[in-house]
Structure formats: structure tokens, C-alpha cells
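Taking it in order: structure first as C-alpha cells, then the write-up.
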Amino acid sequence: MTRRPHHIVPNQATKERGFTLIEVLAAMVIFTVAILGLSHAGTESLRGAAAIEAKALGSIIADNQLTLAKFERIEVGTRRGESVQMGREFDWSLTTSETEIEGFFQITINVSDPISENVYIQRTAFIRDLGRES
């Protein structure tokens, strides 16, 4: 009678070890969740960059309109217009109103998206009208 050594289990030496179907599926689920999270973060990053660009371009338009208003005759009321910066269209409105101080006027400019009408930037300045002093 032949005796086998105690430390060898039948077929263990010849059996190859691999991943089970459950392990592969679990790994795929984890990978999918990670990829979805990363793609969402990337999309939000692109949206944020576009919003920052729109605000920067809107600031240029607002500053330009405020500078032009300093050299024009002051009239109380609202003017509207359109501007193009780097190929993008923007709407703007400039409102001039009187203040409590004689000869000082408040100028407020809003720059917005022409389609959604979302305001990208608002600037307020005060100007003194030398021609209206008493």
C-alpha cells in the first residue's frame, strides 16, 4: 500500500487560480462608478471655465461702457445695446439715475447673455456732472 504525504492535497498542485465571475463583476462596477465620477467632475470643470470666461468678457464690456459714459452727456434713463467679444454676443443695459447729492449720478451697467438673459456682471459707478452744478 502506498501512502501519500500528508501535506499534499489531491489536485491542488495542478489547479490554476484565477478570478471568479463575481470578482470580475465587482471590479467592473467599482471601475464604472469611478469613471462616472471623474467624467462628472470633468464636465463641471468645463462649465466652470465657460462661466469664468463669460464673466471676464462681460467685465470688459461693462468697463468699456462705463468709460464711454464718462465722456458722454449725462441723461437719466436706461440705454441698451449689444457687444461682441471674442466672437460671443452679449447684451448690456446702462442705467443712469440721480442720487441724493446734487450733480452726482449713479451709473449701473448689466451685461447678460442674449438668449438666457442671465446677468454675467454688474458694475456700479458714480459720476459728477460738472455742467449741472449751481
(request) Report, in debye and to the nearest 20, how large the dipole of the range 21-132 comes out about its Cα centre when Lys and Arg carry +1 and Asp and Glu carry -1 on their Cβ. (result) 200 debye
(request) Can you tell me the order of 85-93, 54-62 when each peptide is scored by its average per-residue count of other Cβ atoms within 10 angstrom, highest first? (result) 54-62, 85-93
(request) Could you compute the FRET efficiency for F71 and I35, with r as their C-beta to C-beta distance and R0 at 41 Å, rounded to 0.05? (result) 0.15
(message) What is the sum of charges, Lys and Arg at +1 and Asp and Glu at -1, for the other residues whose Cβ falls under 13 Å from the Cβ of P114?
(response) -3
(message) Starting from 0.36 nm per residue, how many nanometres of slack lie between A56 and D129 once their C-alpha separation is accounted for?
(response) 23.3 nm
(request) Estimate the FRET efficiency between T108 and E82 by the formula 1/(1 + (r/R0)^6), using the beta-carbon distance for r and 30 Å for R0, to the nearest 0.05. (result) 0.95
(request) Please compute the net charge surrounding E89, taking Lys and Arg as +1 and Asp and Glu as -1 over other residues with Cβ under 9 Å from its Cβ. (result) -2
(request) Provide the gained length on full extension for the span E44 to R17, in nm with one decimal, where the gain is 0.36 nm per separating residue minus the Cα-Cα distance. (result) 5.5 nm
(message) Could you tell me the center-to-center distance, by alpha carbons, between the range 26-48 and the range 75-97 in angstrom?
(response) 40 Å
(message) Based on Cα coordinates alone, diagonalise the gyration tensor for the chain, multiply each eigenvalue by 5, take square roots, and list the semi-axes in whole Å, largest first.
(response) 75, 13, 10
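Bear in mind these aren't lab numbers, they're just calculated from the coordinates by the rules spelled out. All values derive from a computational prediction rather than experimental measurement. All Cβ positions, glycine included, derive from the backbone under ideal geometry; neighbour counts span all protein chains shown.
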